[in-house]
1. Which of (1) surrounded by fewer than 16 Cβ atoms within 10 Å (Cβ to Cβ); (2) in contact (Cβ under 8 Å) with a residue 40 or more places away in the chain does I105 not meet, given it meets every other one?
2. Against the definition (modelled with pLDDT of 95 or more, under 18 Å from the mean Cα position of the chain (by Cα), assigned by TED's automatic domain parsing to the domain that holds H123 and polar (S, T, N, Q)), how does S106 come out, yes or no?
3. From the set of residues in the stretch 73-96 that are over 22 Å from T59 (Cβ atoms) and hydrophobic (A, V, I, L, M, F, W, C), which is modelled with the highest pLDDT?
4. Would you check which residues across the stretch 154-181 are surrounded by fewer than 16 Cβ atoms within 10 Å (Cβ to Cβ), part of a helix (DSSP H, G or I) and in contact with a helix residue (DSSP H, G or I) (Cβ under 7 Å, 6 or more places away or on another chain) and list them?
5. Tell me yes or no: at least one residue of the stretch 117-128 is in the same structural domain as I175 (by TED's automatic domain parsing), over 25 Å from L57 (Cβ atoms) and in a strand (DSSP E or B).
6. With the structure loaded, tell me whether N61 is surrounded by fewer than 14 Cβ atoms within 10 Å (Cβ to Cβ), at pLDDT 95 or above and not acidic (D, E) or whether it fails that test.
7. So which residues in the stretch 142-153 are surrounded by fewer than 16 Cβ atoms within 10 Å (Cβ to Cβ) and either assigned to a strand (DSSP E or B) or in contact with a Lys or Arg (Cβ under 7 Å, 6 or more places away or on another chain) (or both)?
8. What about L49, is it out of contact with any helix residue (DSSP H, G or I) (no Cβ under 7 Å at 6 or more places or on another chain), buried (at least 18 other Cβ atoms within 10 Å of the Cβ) and in a loop (DSSP other than H, G, I, E, B)?
Amino acid sequence: MSVGILVWEIWFDNSNINNGIDDILYVNVVILIYRMDAPDISIFVQNRLNQNQLEYLYTVNKKLEDVIQWISNKSCTVYHSNASISIDSIIVCELRCRYNIGNEISFRLQTKKYSQLIRMFHHQPGQKHENPDGIVYMDVDHKHYNREEIIYPVSNIDTLNINDALLGFLKECNISSDPIHDIIPLRRPFRFLTTLDYFVEEKNGRL
């Protein structure tokens, strides 16, 4: 809801009042204020959202509600983690993380109920992507808007360290967290290695 206040100040020159003429010397619009109240958060919990609402969820301040702890497959080559994200203590979003050693990093922020995409970071060497406007991106780190088919290149997330990459994505999406208590670091591998490099490093005790 918007609230507006409009105040006018008008001053007249009375020097010609005998001639029946009032000359306006000064017109001043003092203030015009609009205040936008925060939307009802329940709207974002129960309904499918349009693009403007999804963009609002991207920009508004949010909080990480779960401890992020990486879970691996049996061969320890693929890790994943999910966490709930809140606005004013109400769970609205979900964060889904995936790390495939030597191949892929993805962080996906989505709505909790309908899994609508809000933002997604994707790192996958060698991947080709073509936007609807015909622009082709090849082998670039990128983010997806709330329309999954549209991407834009980014270079502000450190893919050499999965833990730093995660913190960078949380910051970019305005998700507050306590890195010491809310995130259990993936202790190995710290670097983005190929699968072969990973096993060599592990064998030599450097991970």
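The values are calculated or read from the model by the stated rules, or taken from the named source; none is laboratory data. Since we're looking at a predicted model, the values are computed, not measured. Cβ: placed from backbone, ideal geometry, glycine included. Neighbour counts: every protein chain shown.
1. Unmet condition: (1).
2. no
3. V78
4. The one that is surrounded by fewer than 16 Cβ atoms within 10 Å (Cβ to Cβ), part of a helix (DSSP H, G or I) and in contact with a helix residue (DSSP H, G or I) (Cβ under 7 Å, 6 or more places away or on another chain): P179.
5. yes
6. yes
7. Y152, P153
8. Answer is yes for this residue.
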